[in-house]
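Asks: Below is the structure I would like to discuss, written out as C-alpha cells.
The values are calculated or read from the model by the stated rules, or taken from the named source; none is laboratory data. All values derive from a computational prediction rather than experimental measurement. Heads up, the Cβs are rebuilt from the backbone with ideal geometry, glycines too, and the neighbour counts pull from every protein chain shown. Areas reflect the complete protein model, heavy atoms only, side chains present, ligands, DNA and RNA absent. Shrake-Rupley method; radii C 1.70, N 1.55, O 1.52, S 1.80 Å.
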Amino acid sequence: MSVKQQYERIQANIHEACSTANRNSDQVNVIAVTKYVSEATTRLALESGVEHIGENRAETGLEKKKAIGDAGTWHFIGSLQSRKVKQVIHEFDYFHSLDRLSLAREFQKQSQDKQKVKCFVQVNVSGEESKSGLQPEEVLPFIERLEAYPAIEVVGLMTMAPFTEDPEQTRPVFRGLRELRDAIAELHLPYAPCTELSMGMSNDYIVAVEEGATFIRIGTALVGNETTSSS
Ligand SMILES: *Cc1c(COP(=O)(O)O)cnc(C)c1O
C-alpha cells in the first residue's frame, strides 16, 4: 500500500474510533514518525496530506527538515540531551519528552525571544523500568516547578505504552494519562493549559484515540520502515 492509502486507512480507523468514543475526529492529529524512512518518503507523507512530522534524533531530524523546507509542523519525539537543545529549539514546533528540570532550564536559556517552547511532559504511566518519563505522582509537582521557566508552555502529556500483542491491554495506560491530563488542565495554570494527549503508535493508536488521544505518533503503519527488509 502507498503512504496515501495507509493514511486513508488510518483516517478511517480514527473516524470509527471517534464514533465509538463519541468524539470529534477533528481533535485527533496524526504525526507521521519518519525516523525509519528517507527524506523522499517524508515528503510523500506531506504530499499525502499529513501535516505533522515526528523525528526522534536531532541530527537526522534537522537534516530532513532542512531539505524539506517550511512544509509541515515538526515534532521532536525522542529523548533530548540538554546539550542538543540549542540545535533544535528553533527548528521544531513541539517537544514531546520534557522529563526533567535541567532540560527546562536549557530550553529557557536558549529560548531568547522565541515566544513559547511548546512541550509535552513525558509520563511513564505503566511503570516499566525501560521507559523514560516521570512517574504519575511526580507530574504535578514537576509542572508546578515549571512556573519558574516562563519560556515553557506545557501543552499536554505524552506517554509510550508497553508493547503488547493485544492493544486492549494498553487501555488502562491511556486512560491513566487522560485522567492525569484532566486533573492538571482543571487547575488552569497559565503556563500549563495541558489540553493535549500525545499517545498511541502503530499497534495501539485505535485504543489511544478511543481514550482521548489528540496527537497519535505513527511510524511503521503509515510510512513503513525502510531500515529492515521485511515489508
Ligand atoms: C518510533 C516512535 C513512534 C512510532 O513507532 P511505530 O511503532 O513505528 O508507529 C512513536 N513514538 C515514539 C516516541 C517513537 O520513538
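Asks: What single numbered condition from (1) modelled with pLDDT under 95; (2) touching a helix residue (DSSP H, G or I) at 6+ places or on another chain (Cβ under 9 Å) fails to hold for L157?
Replies: Answer for L157: the failing condition is (1).
Asks: To continue, here is another question. Among the residues of the stretch 126-135, is there at least one that is surrounded by fewer than 20 Cβ atoms within 10 Å (Cβ to Cβ), away from the ligand (no atom under 16 Å from the Cβ) and either at pLDDT 95 or above or of a type in the set (A, V, I, L, M) (or both)?
Replies: So far as the stretch 126-135 goes, yes, one or more of its residues are surrounded by fewer than 20 Cβ atoms within 10 Å (Cβ to Cβ), away from the ligand (no atom under 16 Å from the Cβ) and either at pLDDT 95 or above or of a type in the set (A, V, I, L, M) (or both).
Asks: List pairs: first residue in the stretch 197-215 and closer than 16 Å to E179 by Cβ, second residue among the hydroxyl-bearing types (S, T, Y) anywhere in the structure, Cβ distance under 6 angstrom, at least six positions apart or on different chains.
Replies: Filtered contacts from the stretch 197-215: L197/T214; M199/T159; V207/T170; E210/T20.
Asks: Would you please name the residue that is farthest from Q135 (Cα to Cα), looking only at residues in the stretch 168-188 that are open to solvent by less than 40 Å² (accessible area, probe 1.4 Å) and in contact (Cβ under 8 Å) with a residue 24 or more places away in the chain?
Replies: The extreme case among them is T170.
Asks: Is it the case, given these coordinates, that V3 is in contact with a Ser or Thr (Cβ under 7 Å, 6 or more places away or on another chain) and over 23 Å from E210 (Cα atoms)?
Replies: Here the answer is yes, as V3 does meet what is asked.
Rundown of residues vs (1) over 27 Å from N203 (Cβ atoms); (2) more than 17 Å from the chain's Cα centre (by Cα), yes/no style:
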| site | (1), (2) |
| --- | --- |
| Q5 | no, yes |
| A12 | no, yes |
| H15 | no, yes |
| R43 | no, yes |
| N56 | no, no |
| S82 | yes, yes |
| L101 | yes, yes |
